[in-house]
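Engineer: Below: one structure in structure tokens.
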Amino acid sequence: MAIRYAERLQMKSTVRASVVAAVVVVWCGNLAAREFERLAVPAEIIDPPWLAARRQTQIAAAKTYGVFCDFGFADRATESGITFRNRVVDDAGKAHIPVHYDHGNGLAVADVDGDGNIDIYFPNQVGGNQLWRGVGAGRFEDGTTPDLALEESISVTASFADVDNDGDVDLYVTAVRTGNRLLVNDGTGAFGDRSAASGLDHKGHSSAAVFFDYNRDGRLDLFLTNVGRYTSAHRVSVSAASERGAGEYTYYRGFNDAFSGHLYPERSERSLLFENAGERRFVEVAEQRRLVDESWSGDAYPLDANEDGWPDLYVLNMQGNDEYYENVRGEYFVRKSRQLFPTTPWGSMGVAALDYDNDGRMDLYVTDMHSDMSEDIGPGREKLKARMQHSEQMLQSGGASIFGNAFYRGAGADDFREMSDALGVENYWPWGVSTGDLNADGWEDLFVTASMNYPYRYGVNSVLLNDRGRRFVDAEFALGVEPRRGGRTAQPWFELDCAGSDRDHVRCRAQGVDLLPGKRRGKVEVWGALGSRSSAICDLDADGDLDIVTNDFHSEPMVLISDLSEQKRALRYLAIELVGTRSNRSGWGAKVTVSAGDRTYSKVRDGKSGYLSQSDYPLYFGLADAEEVDRIEVEWPAGHRQVITGPIAANRQVEVVEISP
């Protein structure tokens, strides 16, 4: 296959401070036998030169880790039966406007029909959402109905949550301008639309829906994050010919300066707090509870930072500094952002809470994608903070920014210490983060989705294994997550007819130093980098270890199945399902502490499962070599403590039903 350099494109984005050169490669080959000329943007997305070297280096380093990594993951998407493909609107494709559509979609997992198998819901921008029902052994069948597909919506993300305390998970889906949807489960896995009747049919630029019981009345309330107005009311139509296999659809055109939207107060959209009034009805009470947040927010996390039993709220800002609101006895919120978090990431995307050092206190990990847009970061600088090149006029941060990921170690009530660099948790183009003990050694690990896709270079998903609470070590290559299945790093992104309707497209016109004899004259297939947006960590095949499923951007998901149960002879774990009676039925907000021998492990069940999403599945505790658990302690959100004494044998799932004092 012959390769020749066609041109050097000069791309300038409103969110980049400098002009970045991108090399484009044309595959010539036997063009007579192929309809399309293939164009990779940028050139290095095909067989990135640094990928093999990084793999070799990491695998060698893994042999020196004091972390168990003699296992791996294999992408079993094809074998799983899942045929879903994420599709994005044209602003993230042929039209390419730097706008928030490129943030992609979340995903949510839960057992929707009570058959004991995990089911997966994939939101989509174009072509409808899909529900894939688990049928056992890591296999899935399409269970999508019209009510679940929401084909007319430009969906963003989804949350599974039991909003009516009837013992089954309901589904809330957010969307761009078309109205959010509450779909209520009838107990069999069939869903009915209760959006309007519930009061949750908000129309705007919504992102994450965070369910938590802020007033501890036993019902899940909702904090709905709204990004800000990044589209116009003008809806454009796209034909099947200009979008690979997506069919005809319409969407709202994004603003060219969307990533400067925070500079225009008239574009802000306040996030909303909906109080659950019972009977599947919600009332908006943000102003009443003094929770007025106009950040360009994509997500939030219910975190009891002052350890008083009332869930506070950490609100991410993707175009500015994050905010923290203290919950005062469920009556109102007080903004204490800089008191607790003097510096935060400037462009936060993902967030997770975990007890990384097993000291019984929750720590907070926040990923920052937007800071990586300030410069052209090469492969050698991916573990370093960005060298911010935006002006303070653009940042509006007053010097309170971290230009990269943040990791706040919980050192006590209202006491957080930022230590991201010391722990080694920086990465490139990060989106969401999921947590789980991937090697079942008793230390929580991290999976970070990454890559910005077309027209940028490829970025790897990160697996960060916890080295006994001292640091995190990179292990995506050592565990087989990278390179992707078949070594893929790119795929067809969109098609052009350079002799017809697309003759004036930037990829058809001569740009910069033109090494071709003129404009492109035929059909062109433009390729872009692969990349993931969201993930969930859970046991998809019920074999006792944790697997990973992703929702990729404009591509198929990865279904990463672990072989830990085959490789680790002494695999020990305990899965815990909570059933609230006085508290909310799912026990969201409960802190669970497991004692096994001389070690203790703590988790908070809050449903947060990855980028923008909430899911409902049992808590998973890796037990290292312990064969039994001595004690389970649950601090229920209703305000009381429950203790279950052992011995409780390992390698099983137990159910803890709340007993009120």
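Engineer: Toward the positive end of the charge dipole of region 191-324, about the Cα centre and with charges on Cβ (Lys, Arg +1; Asp, Glu -1), which of TYR301, GLN288, LEU272 goes farthest?
Structural biologist: LEU272
Engineer: Next question, about the same structure. Can you grab the distance from the C-alpha centre of region 533-589 to the C-alpha centre of region 305-351, Å, no decimals?
Structural biologist: 27 Å
Engineer: Another question, then. What translational diffusion coefficient, to the nearest whole µm²/s, does the chain have by Stokes-Einstein, given a Kirkwood radius computed over alpha-carbon pairs, a temperature of 20 °C and 1.002 mPa s viscosity?
Structural biologist: The calculation lands on 85 µm²/s.
Engineer: In nm, to one decimal, how far is the THR645 label point from the ASP563 one, both placed 7 Å along Cα→Cβ?
Structural biologist: 4.4 nm
Engineer: Can you give the FRET efficiency to the nearest 0.05 for SER501 and SER232, using r as the Cβ-Cβ distance and R₀ = 25 Å?
Structural biologist: E(calc), rounded to 0.05, equals 0.65.
Engineer: Taking the Cα centre of the chain as the origin and placing charges on Cβ (Lys, Arg +1; Asp, Glu -1), which of MET452, VAL579, GLN125 is farthest toward the positive end of the dipole?
Structural biologist: Farthest along the dipole direction, towards plus: MET452.
Engineer: Another question about this same structure. Looking at region 505-652 from every direction and averaging, what is the projected area of its Cα convex hull in nm²?
Structural biologist: 14.8 nm²
Engineer: Also: Pulled fully out, how much extra length does the chain show between GLU152 and ARG387, if you take 0.36 nm times their separation in residues and subtract their Cα-Cα distance?
Structural biologist: 80.5 nm
Engineer: Modelled label-to-label distance, TYR65 and ASP193, 7 Å Cα→beta-carbon offset: nm?
Structural biologist: Between TYR65 and ASP193, the label points sit 4.7 nm apart.
Engineer: What angle do you read, to the nearest 10 degrees and between 0 and 90, between the alpha-carbon axis of helix 51-62 and the longest principal axis of the chain?
Structural biologist: It works out to around 30 degrees.
Engineer: Please list, or write none, the aspartates and glutamates whose alpha carbon is within less than 16 Å of the alpha carbon of LYS336, excluding same-chain residues fewer than 8 places away.
Structural biologist: Here the aspartates and glutamates satisfying the reach criterion relative to LYS336 are ASP293, GLU294, ASP304, GLU307, ASP308, ASP312, ASP322, GLU323, GLU326, ASP414, ASP415.
Engineer: Looking at region 135-180, I'd like the Rg to Rh ratio, where Rg is from alpha-carbon atoms and Rh is Kirkwood's inverse mean 1/r.
Structural biologist: Result: Rg/Rh = 1.04.
Engineer: Let me ask something else about it. Would region 43-152 count as rounded, prolate or oblate if I go by the C-alpha gyration tensor, calling it rounded below 1.5 in a/c and otherwise prolate when a/b exceeds b/c, oblate otherwise?
Structural biologist: Oblate is the answer for region 43-152, as a/c is 1.5 or above yet b/c matches or exceeds a/b.
Engineer: Would you mind classifying region 571-657 by shape? Square roots of the alpha carbon gyration tensor eigenvalues, ordered a ≥ b ≥ c; an a/c under 1.5 is rounded, otherwise it is prolate if a/b is larger than b/c and oblate if not.
Structural biologist: Taking the square roots of the gyration eigenvalues as a ≥ b ≥ c, region 571-657 is oblate.
Engineer: Right, next: I'd like the antiparallel share, as a percent to the nearest 5, of DSSP beta bridges with both residues in region 571-657.
Structural biologist: 80 percent
Engineer: Assuming R0 = 35 Å, can you tell me the calculated FRET efficiency for the pair ALA542 and VAL657, based on Cβ-Cβ distance, to the nearest 0.05?
Structural biologist: Computed FRET efficiency for ALA542 and VAL657: 0.95.
Engineer: Need the full-extension length gain, ARG290 to ALA53, defined as separation in residues times 0.36 nm minus the C-alpha distance. One decimal, nm.
Structural biologist: Computed gain between ARG290 and ALA53 is 80.1 nm.
Engineer: Please list, in order, the residues from region 57-74 whose amide nitrogen is less than 14 Å from a point placed 7 Å along the Cα→Cβ vector of ASN358.
Structural biologist: Only 67-68 pass the distance filter.
Engineer: Of LYS94/LYS603; LYS203/LYS385; LYS383/LYS603; LYS568/LYS608, which ones are farther than 32 Å apart at the Cα?
Structural biologist: Among LYS94/LYS603; LYS203/LYS385; LYS383/LYS603; LYS568/LYS608, the Cα-Cα distance tops 32 Å for LYS94/LYS603; LYS203/LYS385.
Engineer: Could you work out the helix-only [θ] at 222 nm for the chain, with each DSSP H run of four or more residues adding -39,500 (n - 2.57) and the total divided by the number of residues, to the nearest 500 deg cm²/dmol?
Structural biologist: -1000 deg cm²/dmol
Engineer: May I pose another question? Find the percent of Cα-Cα distances in region 262-351 that exceed 23 Å, and round it to a whole number.
Structural biologist: 24 percent
Engineer: Let me ask you something else. Rounded, prolate or oblate: which fits region 182-314 when a ≥ b ≥ c are the square roots of the eigenvalues of the alpha-carbon gyration tensor, with rounded for a/c under 1.5 and prolate only if a/b beats b/c?
Structural biologist: It comes out oblate by the Cα gyration axes.
Engineer: Looking at the chain only, what percent of DSSP beta bridges run antiparallel? Nearest 5 please.
Structural biologist: So the antiparallel bridges in the chain amount to around 90 percent.
Here, each number is a calculation from the coordinates, and none is a lab measurement. Nothing here was measured: the structure is a model prediction, and the numbers come from that model. In this analysis, Cβ positions are derived from the backbone assuming ideal geometry, glycine residues included, and neighbour counts consider all displayed protein chains.
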